[in-house]
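To keep things clear, I will list the structure first and then write my remarks on it.
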Amino acid sequence: MKQLIELKVNGEVYEVAIESHRTLLEVLRESLGFVGTKRGCDEGTCGACTVLVNGKPILSCLMLATDAIGAEIETIEGQAITGKPSPLQKAFVDYGAIQCGFCSPGMILSAKALLRENPKPTEREIKEAISGNLCRCTGYIKIVEAIKVAAESNV
Amino acid sequence: MRLPKFECFYPKTVDEACAFLAEHKDQTRIIAGGTDLVVALKQRRTLPQHLLNLKSIPDLSLISYDQKTGLSIGALATLDDVARNPEIKKLYPSLSQAASRVAAPQIRNKGTIGGNVALDSRCWYYNQSEFWRSTRPACFKAGGDCCYVVKGGKQCYSLISADTVPALITLDASVELVSKAGSRVVAVEKLYTGIGQTPNVIKADEILTRVLVPASSLKGVYIKHAYRGAIDFPLIGVAVSLSLNGGNTVEDVRIAIGAATPAPVRAVKAEAVLKGKALSDELLAEAGQVATKEVTPIVHIFAPVAYKRKMVEVLLKRAVGAANREQGIGSRE
């Protein structure tokens, strides 16, 4: 049975009719068109589907969409500021932390949650914060560097 | 992977949840964080008609501490909440460590303490996609009559692989189980059956509502041994709680070993070796040796039994050493 729910994504409220067995990832990508959130392993291992729910990184492939009612959801599409990449996004580009780009939305959102809570993280804290995000282009060093630079420039 | 179809019920109170469960227990799975169950659903390892979603019950995620009654953790407290709680960090460091080592940050932000304690047992042969399983014969857990992991095995040897469980056992913790008929409290140590298909004694109409830890628990440490620092389940998890009698004589000690065997093991013989004696390298070596005889590890696809057995000894020595340092007395490894 479909039900009408409201989801607040990147500050805007969307009304969507869904069945109980839809994940947040499916609703974001298929019903609302936020395809920046990637479907990787689809079983909670790779971190590509990471979004922020009430400021905390979670895996949207494991979250029922109905569990996100009333929550603030942030995706990669909401990161740009007046059409320009956020400082974190810019640092990822400047420091070559993006190769194929598939892990980047999740990486950037995990990093964003970290920097909000801890604006001056140590390298170890950065590595811990992105430990649930796999990059298969082996770009971890560049990614850690980019997050460090973004932290130093006071995002 | 799409989820199978189900209806999701959001109760407002524990009573309402219990009433729903009393009526539909055979077709219902309880969901809290969902980080384990949603994968099981996607892999078609379970196909319930209903999900009973505890998320809508207020106050089920409260953590409170009282000097007399001890610690009470609502089943829906996330593993991240447990890991970061200042009182748990200070008074129950092994529990904080165990919670902080589960999977990855995204999982800890959603996965709950109740879910970790009630985690389904795991096996590399069974915890696979529907497609993968369709290419192999059915094991006990899939309704077959043979174990394909332990040769000649007469039962399912899936492992309880939860990180917080060994820590909770050494802290003498228990869980509150509530059903329409009433509530009961079961020690975490007595919660697991050692049988893979029915890994714990929680009944189909019961809801795990709280984890309770006594105020008098000994302090300790938890060490997780896994291939990767994040994401992986433990190959072995060892928790040790310890109190020292002046100097470095062991007054009391509790040791629990998880993930090596279908049910976590309390290493009582190794405890007996340590009790009343002064800690030394020789004593630790002896305790480690004794512990390996108390545990019969189940083979892992990447870890032979002999390796796991050896690591029980190594980890036990490391954990007792670390617990000793945690006491702030003595200085030996």
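Here are a few things to note about the model shown:
- Rough spin-label spacing in nm, given labels placed 7 Å along Cα→Cβ, for A:ASP94 and B:LYS190: 6.2
- Within-9-Å neighbourhood charge of A:GLU26 [Cβ basis; K, R +1; D, E -1]: +3
- Measuring nothing but how far apart in sequence close Cα pairs (under 8 Å, 6+ apart) lie, relative to its length, segment B:124-256 scores a relative contact order of 21 percent.
- Separation of alpha-carbon centers, segment B:99-130 and segment B:147-207, rounded to whole Å: 14
- Were the residues from B:GLN197 through B:LYS180 laid out at 0.36 nm apart, the gain over their Cα-Cα distance would be 3.7 nm.
- Restricting segment B:152-249 to trypsin sites (Lys or Arg not before Pro) that sit in a DSSP loop and have at most 16 other Cβ atoms within 10 Å of their own Cβ leaves B:LYS154, B:LYS180, B:LYS203, B:ARG228.
- Amide H contacts under 5 Å for B:LYS277, placed H, 5+ residues apart: B:VAL250
- Percentage relative contact order, segment A:3-78, counting C-alpha pairs under 8 Å, at least six apart: 37
- Nearest-ten-degree value, helix A:104-117 long axis tilted from longest Cα axis of chain A: 80
- Sum of -39500 (n - 2.57) over DSSP H runs of 4+, divided by residues of chain B (222 nm, nearest 500): -8500 deg cm²/dmol
- Table column - 3J(HN,Hα) (Hz), segment A:36-42, Karplus curve with 6.51, -1.76, 1.60, x for Gly and Pro: x, 6, 8, 9, x, 6, 6
- Site pair B:LYS275 and A:ILE141 shows an inter-label distance of 5.4 nm when each label is modelled 7 Å from Cα along Cα→Cβ.
- A straight chain from B:CYS146 to B:PHE131 at 0.36 nm per residue would run longer than the Cα-Cα distance by 3.4 nm.
- Within segment A:48-69: backbone nitrogen closer than 15 Å to the A:VAL13 label point (7 Å, Cα to C-beta): A:69
- Here the contact order of segment B:220-326, divided by its residue count and restricted to Cα pairs under 8 Å and six or more residues apart, works out to 27 percent.
- B:ILE236 long-range amide H proximity, modeled H, under 5 Å: B:HIS225
- Among B:GLY321, B:GLY111, B:GLY152, residue whose mean-square fluctuation peaks in a GNM of chain B (springs only between Cα atoms under 10 Å): B:GLY152
- Among B:LEU171, B:LEU41, B:LEU208, the largest mean-square fluctuation in a Gaussian network model of chain B, built with springs joining Cα atoms closer than 10 Å, belongs to B:LEU41.
- Karplus 3J(HN,Hα) series, Hz, for segment B:97-111 with 6.51 cos²θ - 1.76 cosθ + 1.60 (x for Gly, Pro): 4, 4, 5, 6, 9, 5, 6, 9, x, 4, 6, 5, 6, 10, x
- Of B:LYS55/B:LYS224; B:LYS277/B:LYS308; A:LYS38/A:LYS112; A:LYS8/B:LYS110; B:LYS89/B:LYS203, those spanning more than 21 Å from alpha-carbon to alpha-carbon: B:LYS55/B:LYS224; B:LYS277/B:LYS308; B:LYS89/B:LYS203
- Neighbourhood net charge (12 Å Cβ-Cβ; Lys/Arg +1, Asp/Glu -1) for B:ILE195: +2
- Summing charges over all other residues whose Cβ lies under 13 Å from the Cβ of B:LEU177, with Lys and Arg as +1 and Asp and Glu as -1, gives +2.
- Additional length obtainable on full extension of the chain from B:LYS5 to B:GLU23, 0.36 nm per residue less Cα span: 4.5 nm
Bear in mind these aren't lab numbers, they're just calculated from the coordinates by the rules spelled out. Please read all numbers here as calculations on a predicted model, not as lab measurements. Heads up, the Cβs are rebuilt from the backbone with ideal geometry, glycines too, and the neighbour counts pull from every protein chain shown.
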